[in-house]
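**Q** Please see the structure below; I have some questions.
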Amino acid sequence: MKARTLGIIGLLLPALSLAQVPGQKPPADHYTLIQAGQLLAVPGQAPRERMTIVVKNDRISAIEPGFLDTLPGVPASARVEVVDLGDHFVLPGLIDSHVHLIGEPSFSRRRAERGDRNPPSAAEGAVSAMVHARRTLNAGFTTVRDVGSNDESVFAVRNAINAGRMIGPRILVSGPAISGTAGHADNLPFDRDGDAQARISHGICDGADACRGVVRFNYKLGADVIKMTPTAGFSDNTGTEPQMFEDEMQAVIGTAHMLGLKVAAHAYSPIAIKQAIKAGVDSIEHGFLLDDEGIRMMKAQDTFLVPTLSASYPPPVFRIPDPESVRLRNEYKAFERAHAAGVKIAFGTDAGTFSHGDNAKEFGYMVQFGMKPMEAIRSATVVAAELLGVGADAGTLETGKLADIVALRGNPLDDISTLKQVDFVMKSGKIAKRGGQMMEPFTYPATFLQ
Ligand SMILES: [Zn+2]
C-alpha cells in the first residue's frame, strides 16, 4: 500500500507504538495457524496438500508442511489460535480492480423511477459503500479498486476500514472520474456548470491545464489511483465514441505519474484506446472495441486490460431487452483476442452495475470465453496485485505478505463456480468470515483497535 495515503497518522503510529507508555505492556503477539487441506499459495503454481500457514499478527510468518497445532518457541504470553481448514481449498484473498461501491442497480433504478437523475449525495453514497464493502469482503474480495465515485463517500469508508473501525476490503480509491464537459463522468447539474470549484470536484476538465488541475485535486483528496473516461459509455446511453483530446489524456496521465499514481481509462472506441495507450495509461477498462493494433500496443507497453465482462451482461433489473453492450462484446471478442495475444488481464467486474457481492460471477465468464480456471484465479490475485501496485503485500500467500486468505469447500480448478461460495475470509490477519458466516458485530472487536 502506498505510504502516502496513510498520511501523517501513518508516519506517527509506528513511533507512538514504540514509545512505551509507562506501566502499560505492549499487546501480545497473536498467532493463527491455518491448516489448509489444499493450498494454492501462488496462483499459477500447483496447489500443495496438507500445509499450515503461520500468521503472526497481520502477516504470514511461515508456511510449513503438515498440520501444525502448536508453535514451539513462542512466548507464553502470545495468543495461538488454530483454524482447521483441513477439508478446504485455500487461496489468496481475491482482488477486484474495478468496482463502484457507492452504487447498485436496484438502488439507481428506484431513483430513476421517481425521476431523480442526480447521483446519490455523498452521505447516501458513504452509507451504501459501507454496506457494499462488507458484502464484497463476504464474497472473498480482500482488496478492491474503486474507480469513479465522488470526492467524499469512498474516501471516508476507506479511511474507516484502514483505521479498523469497520469490516471491509482494502480499498484503493480514485475519487471522481475525470472527463470533459458533458463527458461520460459529467454528472454536474446544468445550473452548476459555471461553478468552477464544482467542476473541479466533479472531475470535469476542458483543456490540458484544467485536466492537470483535476488530477492534482484528486491527489489532494487522497486518491490512490486516477480514473479518466476518454470515451462515452453505456451507463448514460452516450455510446462508445471519443470524448477527450489527446493532449487532455496526456495531461491527466503525465500529472498522475508525476505524483506517483496510476491511471485507469474507461474506453470503448479503438481510437481513444490507442491514444490512451500511447499516452502511457496503465490500464484499459472494458475495452470492448479493442482492435489488433491496440492489442499489439498493449503488449509492447505492458498495458493491462480490465475486461469487466460482467458489465456487458446487464442484470434483469435494468430491463434492457437487447443491450448494445452484449452485441459489441459478442461481435468484437476483445477479451478472447487479448488473452490469446498474451495481454496482461487484471480481474475487474464493474460491480455496482450489478449487485456487490456477486463479483465472482466474472470468473464464470472468463472461463466461458477461454481462460483456464488457474489463469482466471491468477488474474484476480497475482496480476491484479501487480496492476494495483500492491504486489509486495497481496496477491500470493508467501512469508512476509499480509495474511489475506480465503477458503472454499470445493476445488475451483475443477469447478470455477465454487468461487461464488467463499466459506472463510481473513484480511490482514483478522478473521472476517468463518463457517460461511460473517463475524459479528459489524465493527471489529475493540481489541483490534488498540
Ligand atoms: Zn465502471
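Quick note: the coordinates plus some simple rules give every number you see, no bench work behind them. Predicted model only: the values in this text are computed from it and were never measured. We place every Cβ from the backbone using ideal geometry, glycine too, and count neighbours over all the protein chains shown.
**Q** Within a 10 angstrom radius of the beta carbon, how do 268, 313 rank from fewest other beta carbons to most?
**A** 313, 268
**Q** Of all DSSP beta bridges in region 94-388, what percent run antiparallel (nearest 5)?
**A** 5 percent
**Q** For the chain, with the dipole built from +1 on Lys and Arg beta-carbon atoms and -1 on Asp and Glu ones, taken about the Cα centre, which of 119, 33, 226 lies farthest toward the positive end?
**A** Of the options given, the answer is 33.
**Q** I've got another one for you. Using a Förster distance of 25 Å, how high is the FRET efficiency between residue 196 and residue 121, based on the Cβ-Cβ distance and rounded to 0.05?
**A** 0.70
**Q** Could I ask something else about it? Can you bin region 347-393 into rounded, prolate or oblate? Criterion: square roots of the alpha carbon gyration tensor eigenvalues sorted a ≥ b ≥ c, rounded for a/c under 1.5, prolate for a/b above b/c, oblate for the rest.
**A** It comes out oblate by the Cα gyration axes.
**Q** Subtracting the Cα-Cα distance from 0.36 nm times the residue separation, let me have the gained length for residue 58 to residue 299 in nm, one decimal.
**A** Gain in length upon complete extension: 83.2 nm.
**Q** Arranged from highest to lowest average of other beta-carbon atoms within 10 Å per residue, in what order do the peptides 143-153, 216-226 appear?
**A** 143-153, 216-226
**Q** How far apart, in nm, are two points set 7 Å out from the Cα along the Cα-to-Cβ line at residue 216 and at residue 257?
**A** 2.0 nm
**Q** Let me ask you something else. Go through 361/430; 344/401; 299/333 and tell me which ones have a Cα-Cα distance over 20 Å in this structure.
**A** 361/430; 344/401, as the Cα separations exceed 20 Å there.
**Q** Would you mind checking the radius of gyration and Dmax of the chain based on alpha-carbon positions, in Å?
**A** 21.9, 70
**Q** A follow-up question, please. Cross-link partners among aspartates and glutamates for residue 220, C-alpha distance below 16 Å, same-chain residues fewer than 8 apart left out?
**A** Result set, ordered by chain and number: 151, 152.
**Q** Still on this structure, please answer the following. What list of ³J(HN,Hα) couplings, whole Hz, do you get for region 409-416 from phi and the Karplus terms 6.51, -1.76, 1.60, once you set θ to phi - 60° and write x for glycine and proline?
**A** With the stated coefficients, region 409-416 comes to 7, x, 9, x, 6, 8, 9, 4 Hz.
**Q** I've got another one for you. Can you compute the helix-only [θ] at 222 nm over the chain? Use -39500 (n - 2.57) per DSSP H run of at least 4 residues, normalise by all residues, nearest 500 deg cm²/dmol.
**A** -9000 deg cm²/dmol
**Q** Still on this model: Given R₀ = 51 Å, what would the calculated FRET efficiency be for residue 327 paired with residue 399, taking r from the Cβ atoms and rounding to 0.05?
**A** With a Förster radius of 51 Å, E is 0.60.
**Q** May I ask you to list the aspartates and glutamates whose Cα is less than 16 Å away from that of residue 372, ignoring any residue fewer than eight positions away on the same chain?
**A** 336, 362, 414, 415
**Q** In a solvent-free Debye calculation with one equal scatterer on each Cα, what is log10 I(q)/I(0) for region 293-410 at q = 0.17, 0.18, 0.19, 0.22 Å⁻¹, listed in the order of the q values?
**A** So the normalised log intensities work out to -0.94, -1.03, -1.12, -1.34.
**Q** Given the Cα-Cα distance of residue 245 and residue 415 and 0.36 nm per residue of separation, how much length would full extension add, in nm?
**A** Full extension from residue 245 to residue 415 adds 56.7 nm.
**Q** About the Cα centre of the chain, what is the dipole size in debye to 20, counting +1 per Lys and Arg Cβ and -1 per Asp and Glu Cβ, all else neutral?
**A** 880 debye
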